[in-house]
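A short worksheet on the structure shown next.
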Amino acid sequence: MTILNGITLALSKGRIFEETLPLLAAAGITPTDNPETSRKLIIGTNRPDVRLVIVRATDTPTYVQYGAADMGIAGKDVLLEHGGAGLYQPLDLNIAKCRLCVAAPKDFDYAAAVKRGARIRVATKYVNAAREHFAAKGVHVDLIKLYGSMELAPLVGLADAIVDLVSTGGTLKANNLVEVEDIMPISSRLVVNQASLKLKRELIQPVLEAFAGAVKK
Ligand SMILES: Nc1ncnc2c1ncn2[C@@H]1O[C@H](COP(=O)(O)OP(=O)(O)OP(=O)(O)O)[C@@H](O)[C@H]1O
Ligand SMILES: O=P(O)(O)OC[C@H]1O[C@H](OP(=O)(O)OP(=O)(O)O)[C@H](O)[C@@H]1O
């Protein structure tokens, strides 16, 4: 349940939590525990009217959609798969930046396979974004849903290619894969429950403005 006289913000551990700390600081919010070391899933802050809930990155939009959290921070990749129902997305926070791309083993000629209209087996966690991308390009694919370690799939014959997030390119390189198509840039967005925005505007609006002022261009 959300706190009636306050706001609940859903965050995932790791890069989103770390990169959100400066934004929270700009809004005058300091968490009282570190989710990396604490096992607590509800974390208080220096402000009695603001609390954090620690969720899986892919679950953030769901908590906010159903009002279990008033606000949250989620990657565009996650929002594309969720669909965005019930969510207001007022702000690109420009954090957790990476890109969604198609990658394949060095010896797989992706361009040639596309050209001859072959059916390509693609493993990914991002089936909605992948389906849309390949449909727009007229590429025939069989999508295989995975929940992580996509880079392994082409190495063991599960797929010809993958759709995954890339940042430094280090993970692709370590697994002898190369990027063959860029799909879109990814960053994390602030999401707000549409009802909370109306009912708790006086609490949410200042946080929104502080975040907007602290966003790095
Ligand atoms: N290598 C990366 N560099 C920068 N940002 C990234 C990178 N990988 C993922 N992200 C972004 O950070 C978000 C959170 O990633 P994180 O690794 O914390 O969760 P996850 O392991 O992908 O999700 P889940 O725990 O639900 O499986 C992703 O949704 C994406 O938008
Ligand atoms: O291009 P790079 O800088 O190597 O980053 C890309 C990797 O980052 C993400 O994984 P993450 O680090 O989130 O691991 P996880 O999916 O196991 O959480 C993504 O799924 C890639 O595997």
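Is there a residue in segment 100-108 that is more than 30 Å from Asn193 (Cβ to Cβ), outside the structural domain of Gln205 (by TED's automatic domain parsing), touching a helix residue (DSSP H, G or I) at 6+ places or on another chain (Cβ under 9 Å) and in a helix (DSSP H, G or I)?
There is no residue in segment 100-108 that is more than 30 Å from Asn193 (Cβ to Cβ), outside the structural domain of Gln205 (by TED's automatic domain parsing), touching a helix residue (DSSP H, G or I) at 6+ places or on another chain (Cβ under 9 Å) and in a helix (DSSP H, G or I).
From the residues in segment 100-138 that are small (Gly, Ala, Ser), touching a residue at least 60 places away in the same chain (Cβ under 8 Å) and away from ligand 1 (no atom under 16 Å from the Cβ), which one is nearest to Thr168 (Cα to Cα)?
Across segment 100-138, the extreme among qualifying residues is Ala104.
Do any residues in segment 9-27 that are farther than 16 Å from Gly75 by Cβ have Cβ atoms under 7 Å from those of residues that are surrounded by fewer than 21 Cβ atoms within 10 Å (Cβ to Cβ) and of a type in the set (A, V, I, L, M), where the two are at least six apart or on different chains, and which pairs are they?
As it stands, the answer is Pro22/Ala214; Ala26/Ala210; Ala26/Ala214; Ala27/Ala210, since those pairs meet every condition given.
Can you tell me which condition Val163 does not meet? The list is (1) among the hydrophobic types (A, V, I, L, M, F, W, C); (2) in contact with a Phe, Trp or Tyr (Cβ under 6 Å, 6 or more places away or on another chain); (3) not assigned by TED's automatic domain parsing to the domain that holds Ala112, and all the others hold.
(3)
Quick grid of which residues meet (1) within 16 Å of ligand 1 (Cβ to nearest atom); (2) of a type outside the set (D, E, K, R):
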| site | (1), (2) |
| --- | --- |
| His140 | no, yes |
| Ser149 | yes, yes |
| Thr168 | yes, yes |
| Thr171 | yes, yes |
| Asn176 | no, yes |
| Glu179 | yes, no |
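Only one of these conditions is not met by Lys125: (1) surrounded by fewer than 15 Cβ atoms within 10 Å (Cβ to Cβ); (2) among the basic types (Lys, Arg); (3) touching a Lys or Arg at 6+ places or on another chain (Cβ under 9 Å). Which number is it?
The single condition Lys125 does not satisfy is (1).
Any residue in segment 201-211 that is closer than 24 Å to Ser12 by Cα, touching a Gly at 6+ places or on another chain (Cβ under 7 Å) and surrounded by fewer than 14 Cβ atoms within 10 Å (Cβ to Cβ)?
no
Would you check if there is a residue in segment 14-33 being at pLDDT 95 or above, buried (at least 20 other Cβ atoms within 10 Å of the Cβ) and of a type outside the set (A, V, I, L, M, F, W, C)?
Checking segment 14-33: at least one residue is at pLDDT 95 or above, buried (at least 20 other Cβ atoms within 10 Å of the Cβ) and of a type outside the set (A, V, I, L, M, F, W, C).
Taking Gly157, is it at pLDDT below 95 and either surrounded by fewer than 20 Cβ atoms within 10 Å (Cβ to Cβ) or away from ligand 1 (no atom under 16 Å from the Cβ) (or both)?
When the stated conditions are applied, Gly157 does not pass them.
Just checking, does segment 33-44 include any residue being more than 21 Å from Ala195 (Cβ to Cβ) and within 14 Å of the chain's Cα centre (by Cα)?
No; the residues of segment 33-44 include none that is more than 21 Å from Ala195 (Cβ to Cβ) and within 14 Å of the chain's Cα centre (by Cα).
Do the conditions hold for Gly75, that is, is it out of contact with any Cys (no Cβ under 6 Å at 6 or more places or on another chain) and either crowded, with 17+ Cβ neighbours inside 10 Å or assigned by TED's automatic domain parsing to the domain that holds Ser167 (or both)?
yes
Asp160 passes all but one of (1) within 16 Å of ligand 2 (Cβ to nearest atom); (2) touching a Lys or Arg at 6+ places or on another chain (Cβ under 7 Å); which number fails?
Failed condition: (1).
Hey, which of the helices (runs of 4 or more DSSP H) in segment 1-84, taking only ones fully inside, have at least 3 residues that are touching a Gly at 6+ places or on another chain (Cβ under 9 Å)?
Once the helices (runs of 4 or more DSSP H) in segment 1-84 are filtered for at least 3 residues that are touching a Gly at 6+ places or on another chain (Cβ under 9 Å), what remains is 60-65.
The values are calculated or read from the model by the stated rules, or taken from the named source; none is laboratory data. Nothing here was measured: the structure is a model prediction, and the numbers come from that model. Counting neighbours? That spans all protein chains shown, and the Cβs are built from the backbone with ideal geometry, glycine included.
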